[in-house]
Amino acid sequence: MDPLTAFAAVKSAISAGKQLHSMTKDIVSLFDAVDGAKSKHAKKKASPFASANEEAMDTFMRQQQALDVEEQLKELITQTRGFSAYQDLLGIRRQIRIDRKEAARLERIAAEERQQAAITAISIILGIALIIGAAIFYLWYLGWVDF
């Protein structure tokens, strides 16, 4: 979603008298759109079809649009709830971002541990199969086993 579209939804909801706590979904989609606009540069950079000027201008415009939307949201919340409410929102947003990064880090660690466990299990199974195969070959060599 475009940051301006998301902001328009939030602004119209506030104008209609909706309380901030009942607009959680709208505000989350606004922040997701702003964060998406800020991070699009990394994806656009990998594209071989975009010129450097096009990439720079597109990134600049998206970042400026995101900054403008954030500033407008700040003004809107400050006017309706006060500056402390906006600071609370930023604190909650920061904490959620930290929590998500930590969850992603823990998920990567768990995935690495699962991968190591799978490699260990496969190695043990292959080792046992090799030992059993060598034992059967040795018994066949001695003539104790006949195929």
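Pairing residues of the range 99-120 that are touching a residue at least 24 places away in the same chain (Cβ under 8 Å) and on the phi < 0 side of the Ramachandran plot with residues that are part of a helix (DSSP H, G or I) and of a type in the set (D, E, K, R), at Cβ distances under 7 Å and at least 6 apart in sequence or on separate chains, gives no pairs at all. Exactly one residue among 84, 51 is of a type in the set (Gly, Ala, Ser) and closer than 30 Å to residue 12 by Cβ, and that residue is 84.
To keep it simple, each residue is scored yes or no on (1) under 18 Å from residue 28 (Cβ atoms); (2) at pLDDT below 95; (3) assigned to a helix (DSSP H, G or I).
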| position | (1), (2), (3) |
| --- | --- |
| 49 | no, yes, no |
| 57 | no, yes, yes |
| 72 | yes, yes, yes |
| 79 | no, yes, yes |
| 90 | yes, yes, yes |
| 106 | no, no, yes |
| 131 | no, no, yes |
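Quick one: in the range 1-24, which of the residues that are crowded, with 16+ Cβ neighbours inside 10 Å and among the β-branched types (Val, Ile, Thr) is modelled with the lowest pLDDT? Looking at the filtered set, the residue picked out is 14.
The values are calculated or read from the model by the stated rules, or taken from the named source; none is laboratory data. Because the structure is predicted, anything quoted here is derived from the model rather than measured. Reconstructed Cβ throughout: ideal geometry from the backbone, glycine too, with neighbour counts over all protein chains shown.
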